Each structure stands twice: as structure tokens, then as C-alpha cells.
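The block underneath contains the structure these notes are about, expressed in C-alpha cells.
The values are calculated or read from the model by the stated rules, or taken from the named source; none is laboratory data. Worth saying up front: this structure is predicted, and the values here are computed from it rather than measured. Here the Cβ positions follow ideal geometry from the backbone for every residue, glycine too, while neighbour counts run over all protein chains shown.
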Amino acid sequence: MRVLLAALRCGKGEIEANLASHLRVVAEARSAGCDLAIFPEMSLTGSADPGTHPGRLIGLDHPAVARLASESGDGLAICFGIAERDAAGAPRITQLFAAGGEITGLQRKRHLGHGEDAFIRATGSTVIEHAGARLGIAICAESGHDDPFDTARAAGARLLIFPAAPGLYGRRTDERSWREGHAWWESCGLADARRHAARLGVWIALAGQAGSTADEDFPGLAAVVGPDGTVAGRLPDWRPGTLIADIPV
């Protein structure tokens with residue numbers, strides 16, 4: 001499976017600008033013959049706090065969701081994230097999977113991270129079939145828990161999609177502070193991915209938010225981890241970018 005992983009700047013509430021960035025990356029994935037394009041957690045909406053900015057949450061019926069989903073097809077699937085207001089009005093962190101021009105699957109976040117108390121914790125796990133393989137999804141802070149990975153592997157997943165948006169404490173003001181923030185995420189998020197990959201014998205594909213937003217900075221990083229826990233490919237630093245990898249699932 002040829003996969004494109006995007007470490008992307010995702011402006012908070014900047015849906016039109018974020019959509020445009022997604023469409024450019026999807027066009028790159030299509031040109032490269034990819035089967036799957038993976039975007040970070042809450043990539044389309046940007047990271048949102050329902051307590052302070054409830055208007056930044058969107059429903060599954062939002063036009064930008066439909067527009068991005070419509071770009072899937074001809075063998076290319078798209079996995080992207082939103083801060084969701086579900087049909088019952090509850091705030092969720094949701095990763096969507098689009099294929100054939102429509103949303104075909106989703107995974108809502110089951111284990112919330114620091115500062116996400118205003119969201120509702122989900123239950124239940126989804127395994128998605130695409131390009132002859134079974135795929136699971138574990139979202140950001142879920143990497144600190146075994147069950148999202150164990151459940152997906154037990155259901156036959158050979159690739160775990162790991163979208164993330166780990167906000168950094170304090171603003172990044174120079175290269176040294178960016179390096180420190182990036183190193184922190186390597187020591188927890190990437191280290192967690194390596195641990196889960198090795199203990200379960202699965203591939204893990206990590207795509208994280210990158211760069212500065214209005215009030216928060218993100219450490220980037222896109223990486224592919226093999227079933228032995230080895231990093232098979234990655235972006236070099238905290239800057240936005242894309243990584244294309246062939247994953248034998």
C-alpha cells in the first residue's frame with residue numbers, strides 16, 4: 001500500500017484555508033499513485049476547545065467534509081480529522097475515512113488528552129478495509145493506552161493509522177525551542193508508536209499537526225514504523241511536509 005502522510009499546519013477555525021491545504025496534498029497523493037492519504041487529528045477544523053470556541057466544531061454534514069470526501073476515489077482513500085458536533089450535539093474528536101467519494105468509516109477518540117475535558121469520550125472501535133488490508137485508527141493521546149491498538153490488531157488490522165495534534169506547552173520562539181518541542185513528541189508519541197508496533201507486529205503510520213496557530217504550536221512529525229518497532233521512514237523535523245511510503249500490508 002502506498003501511503004502519503006501529511007504533517008500539516010491546521011489553522012484553528014480556518015476551515016476554507018485548511019480545506020485548500022488538504023486538496024493540494026490529496027492532489028500530490030494522487031499524482032504519486034498513493035492508495036491512502038493520512039492527515040492529522042482535527043486537521044480540517046484545526047484543534048478546537050468546545051468550552052471556549054464551540055462554533056469551531058462541525059457536523060459530518062458540513063460542506064467541507066463532503067468536498068474533501070468527494071476527492072477520494074479511483075483507489076485513493078483519505079483519512080482526515082475534525083472537531084465534531086455529533087447528531088446529538090455532543091463534542092467529539094473524530095477521524096474520518098473517505099473512499100469512493102464519500103465517508104465510509106470513522107473513529108471517535110476513546111481516551112482524551114490533557115485539556116480535552118470538554119469533549120465526550122467515545123466507546124467502540126472501527127476497523128476499515130481498504131486496498132486489500134484491514135486498518136485501525138488510534139488518535140494522539142490514545143497512544144498512551146494499549147486497548148485501541150490491541151482491539152484493532154485482534155480484528156485483523158495490519159496497519160494502525162495514528163493521527164495526532166499534541167499541543168506544545170508555551171510558544172516556540174526560535175529554532176532551539178522548536179527542536180525541544182519536537183524532541184518531546186519524539187520521546188512520547190513516536191516512542192509509543194514504536195512500542196505498540198513491536199509488541200503487536202503491526203505497521204503504524206503517524207501524521208501530526210505542525211507549526212504555529214493563533215494560540216498554540218504543534219511539533220509536526222510524520223513517520224512510518226515497522227512491525228519490529230524500527231522507524232522505516234520519517235520527516236526530519238518539526239516543519240510541515242509530506243512523506244510517501246510503501247507499506248507491505
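For segment 96-117, the tally of residues that are assigned to a strand (DSSP E or B) and within 24 Å of TYR169 (Cα to Cα) stands at 0. Here GLY46, GLY81, GLY75, GLY55 are screened, and the one residue that is in contact (Cβ under 8 Å) with a residue 40 or more places away in the chain, within 29 Å of ARG234 (Cβ to Cβ) and more than 14 Å from the chain's Cα centre (by Cα) is GLY75.
Residue count for segment 219-232, restricted to those that are touching a Lys or Arg at 6+ places or on another chain (Cβ under 8 Å) and surrounded by 21 or more Cβ atoms within 10 Å (Cβ to Cβ): 6. Which ones in segment 154-166 are out of contact with any helix residue (DSSP H, G or I) (no Cβ under 7 Å at 6 or more places or on another chain), buried (at least 19 other Cβ atoms within 10 Å of the Cβ) and among the small types (Gly, Ala, Ser)? Residue satisfying the conditions is ALA157 alone. Residues of segment 130-175 that are of a type in the set (Val, Ile, Thr) and touching a residue at least 24 places away in the same chain (Cβ under 8 Å): ILE137, ILE139, THR151, ILE161. Does GLU41 satisfy the condition of being of a type outside the set (Lys, Arg), closer than 21 Å to HIS114 by Cβ and either touching a residue at least 60 places away in the same chain (Cβ under 8 Å) or not in a loop (DSSP other than H, G, I, E, B) (or both)? Against the criterion (of a type outside the set (Lys, Arg), closer than 21 Å to HIS114 by Cβ and either touching a residue at least 60 places away in the same chain (Cβ under 8 Å) or not in a loop (DSSP other than H, G, I, E, B) (or both)), GLU41 qualifies. Of all residues in segment 212-249, those satisfying the criterion of being in a strand (DSSP E or B) and of a type outside the set (Gly, Ala, Ser) are ASP217, PHE218, PRO219, VAL224, VAL225, VAL231, ARG234, THR242, LEU243, ILE244, ASP246. Scanning segment 51-81 for residues that are surrounded by fewer than 20 Cβ atoms within 10 Å (Cβ to Cβ), of a type in the set (Ser, Thr, Tyr) and part of a loop (DSSP other than H, G, I, E, B) yields one hit, THR52. Criterion applied to ALA99, ALA66 was being out of contact with any Leu (no Cβ under 7 Å at 6 or more places or on another chain), farther than 24 Å from ALA157 by Cβ and at pLDDT 95 or above, and the one residue passing it is ALA66.
Number of residues in segment 116-153 that are at positive phi and surrounded by 14 or more Cβ atoms within 10 Å (Cβ to Cβ): the value is 2. Filtering segment 84-99 to residues that are without any contact (Cβ under 8 Å) to a residue 40 or more places away in the chain and under 21 Å from ALA138 (Cβ atoms) leaves GLU84, ASP86, ALA90, ARG92, THR94, LEU96, ALA98, ALA99. If you go through segment 176-192 one residue at a time, do you hit one that is surrounded by fewer than 18 Cβ atoms within 10 Å (Cβ to Cβ), touching a Leu at 6+ places or on another chain (Cβ under 8 Å) and not charged (D, E, K, R)? Yes, some residue in segment 176-192 is surrounded by fewer than 18 Cβ atoms within 10 Å (Cβ to Cβ), touching a Leu at 6+ places or on another chain (Cβ under 8 Å) and not charged (D, E, K, R).
Every condition in (1) hydrophobic (A, V, I, L, M, F, W, C); (2) farther than 25 Å from GLY241 by Cβ; (3) part of a strand (DSSP E or B) holds for ILE120 except the one numbered (3).
Here is the figure for segment 186-230: residues that are in contact with a helix residue (DSSP H, G or I) (Cβ under 7 Å, 6 or more places away or on another chain) and among the β-branched types (Val, Ile, Thr) total 3.
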